[in-house]
Amino acid sequence: MAGPTFEEIAAALYAGPPESFVSSRETHAESVEDRVLAARIRALRKPSVAAWVVNLFAQERAGQLGEALQLAAELREAQEDLDAPALAKLGRERRALTRRLAEMAAELAGSRGEKITSATREAVEGSISAAFFDPAAAGAVASGRLMRAIEASASSDDIRDAVVGEIPELESVPQRPPDELQARRLRRDAQRLLASAEKERKAAERALAKQDAALQDLQTRAAELAKGVAELEAQLARTRAEAERVDKDLQQAKDRQSDARQQSEAAAGAVTRAQKALEEL
């Protein structure tokens, strides 16, 4: 019967009681016949407290962690088809799930007598968050063989160096049928077009309301001006009639003036002749 592999021994050590790590490491090294394997075991370094918390949770709550990582993988695949509000909601839910898992891991470690500081809890949360965003980090966390915590911004080399032994590949998310993917993309595009059309409709309604108000103002002003024009035209008609009457009276006055002048001249002539006749007497 084959003995335990290096990865199996490392997993047992990295999730075991931190205070007995050195003695357990030596016990495992002495229990194997392969001298190369024994040397590799003795070369193992004690994990950080945060890494130990993650390893303990990964091994004793493997079902819960596995479901969360599977969900994270599905969300990574689906997020390219989500709009901005849905992505924001997804981000909030992902952060909430990360915090819950970190709290569960800290409680589990606390039940083993380990005091978990806020810094350690943050490092645990960072490792789980990294697992949600990166498939390699997910495999590293699920392995239960972290030597140190993983940051969310960790590179591939950082992840590789943080794990003892090989990083397992997690089961990939089943590919959705092409028809389903196409339908989701078409639905997403239709939703975007609808949102754009609604935005344009609201803008058009605002512009129409503005034009309606402007038209109403112009119609009111036009009615006022039309009334003013009618009043002015009526006044002009009265003025023209008055002017025609005055012209007629003026002509009559001129005729009377002419007659009066003639009479005046005739009377003046008569006076002159009478005066001359008087002088001749």
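The values are calculated or read from the model by the stated rules, or taken from the named source; none is laboratory data. Remember, predicted model here, so these are calculated numbers, not experimental data. In this analysis, Cβ positions are derived from the backbone assuming ideal geometry, glycine residues included, and neighbour counts consider all displayed protein chains. Each accessible area value is taken on the protein alone, full model and side chains, heavy atoms only, with ligands, DNA and RNA left out. Shrake-Rupley method; radii C 1.70, N 1.55, O 1.52, S 1.80 Å.
Being among the basic types (Lys, Arg) and touching a residue at least 12 places away in the same chain (Cβ under 8 Å) is the requirement here; does Arg35 meet it? When the stated conditions are applied, Arg35 does not pass them. Here is a list of conditions, (1) surrounded by 10 or more Cβ atoms within 10 Å (Cβ to Cβ); (2) touching a helix residue (DSSP H, G or I) at 6+ places or on another chain (Cβ under 9 Å); (3) at pLDDT below 85, and Gln175 meets all of them except one; can you say which number that is? Unmet for Gln175, out of (1) surrounded by 10 or more Cβ atoms within 10 Å (Cβ to Cβ); (2) touching a helix residue (DSSP H, G or I) at 6+ places or on another chain (Cβ under 9 Å); (3) at pLDDT below 85: (1).
Name the residue, out of Ala123, Ala152, Ala119, that is of a type in the set (A, V, I, L, M), open to solvent by 40 Å² or more (accessible area, probe 1.4 Å), modelled with pLDDT of 90 or more and more than 19 Å from Ala62 (Cβ to Cβ).
From the options Ala123, Ala152, Ala119, the qualifying one is Ala119.
In the condition set (1) of a type in the set (Gly, Ala, Ser); (2) closer than 20 Å to Val53 by Cα; (3) out of contact with any Asp or Glu (no Cβ under 8 Å at 6 or more places or on another chain), Ser143 is compliant with all but (3).
Could you list, in sequence order, all residues of the stretch 95-127 that are small (Gly, Ala, Ser) and either at positive phi or in a helix (DSSP H, G or I) (or both)? Ala96, Ala102, Ala105, Ala106, Ala109, Gly110, Gly113, Ser118, Ala119, Ala123, Gly126, Ser127 - these are the residues of the stretch 95-127 that are small (Gly, Ala, Ser) and either at positive phi or in a helix (DSSP H, G or I) (or both).
Among residues of the stretch 117-131 that are under 10 Å from Val54 (Cα atoms), those with a beta-carbon under 7 Å from a residue that is of a type outside the set (S, T, N, Q) and surrounded by fewer than 20 Cβ atoms within 10 Å (Cβ to Cβ) at least six positions away or on a different chain give the pairs Glu125/Arg99.
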